[in-house]
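The values are calculated or read from the model by the stated rules, or taken from the named source; none is laboratory data. Quick caveat: nothing in here was measured; it's all calculated off a predicted structure. With ideal geometry, Cβ positions are generated from the backbone for all residues, glycine too; neighbour counts draw on all protein chains shown.
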Amino acid sequence: MSVDRPRPLVAGNWKMNGLRASARVLEEIHAGYTPGLRAKVELAVCPPATLIGHAAQLSVGSRVAIGGQDCHAKESGAFTGDLSAEMLADAGATYVIVGHSERRQYHKEKDQDVCAKAVAAHRAGLTAIVCVGETREEREAGKALAVVKKQLRGSVPVDSNSHNLVVAYEPVWAIGTGLTPTAADVAEVHAAIREELKRLVGKADAPKVRILYGGSVKPTNAAELMAVENVNGALVGGASLVAADFLGIAGAYLG
Ligand code: 13P
């Protein structure tokens, strides 16, 4: 275990789930985020944009960070339906997920789009959670490492550092499927990401960048996944919608 090992982050991505009543889930998360857990792991929740303002207000004092799930590259303008990083920050977010595979797939986002969004996040003072990950076909063709490294090089802006960048490795085939890579496969990809980060943020800062694993993380597999070298937390989808499950995953850090 490296002495530089950064403070882990467990972030919940609620995706297109959550109404005002979901504030209850957030309140349960606050209640379970005890000083003991706080000492070991940072928590963030990325609700749908409609709830960011309310969630941020509720989270004042709780130390649960709030994040957006996407942002536009521009600060403002005629982009109907879009949200800028500045708007997310203004609503109380401190993180924003960019380049999630669902954005890459359904909105045809390319690495250069993701990079522009990460630049926008930094401009607005947000930490960008940049997502990368291979498809099943790419893994079966032995291309997982090459795909992830290429996505990383194309998606991480040059102004990135360990404060404004988090990388999330989310194999597309593991998202919402109940399937997870083996610990050895996760270790291999995360090591490759760490190597690539040396070139992207510099040798001194690379060990401090948090690299999250995402894809079917549950309380039952969290301890094994979080123990893998170079895994500094999790990006959690489905299980983050249930406070007990989300807290159960974070609880992997209680040892
Ligand atoms: P699941 O945890 O539901 O597999 O989703 C992972 C994910 O996409 C988080 O961003």
Selected residue [out of contact with any His (no Cβ under 9 Å at 6 or more places or on another chain), at pLDDT 95 or above and under 21 Å from V148 (Cβ atoms)] from H107, H72: H107
Within the range 66-88, considering residues that are buried (at least 20 other Cβ atoms within 10 Å of the Cβ) and among the hydrophobic types (A, V, I, L, M, F, W, C), the one nearest to A124 (Cα to Cα): A85
Residues that are farther than 16 Å from A93 by Cβ and not in a helix (DSSP H, G or I), drawn from the range 110-125: K110
Selected residue [surrounded by fewer than 17 Cβ atoms within 10 Å (Cβ to Cβ) and of a type in the set (G, A, S)] from A116, A128, A146: A146
Filter result for the condition that a residue is closer than 27 Å to E137 by Cα and either crowded, with 24+ Cβ neighbours inside 10 Å or not hydrophobic (A, V, I, L, M, F, W, C) (or both), over V167, V231: V167
Among the candidates A118, A146, A93, residue that is away from the ligand (no atom under 15 Å from the Cβ) and more than 19 Å from C46 (Cβ to Cβ): A146
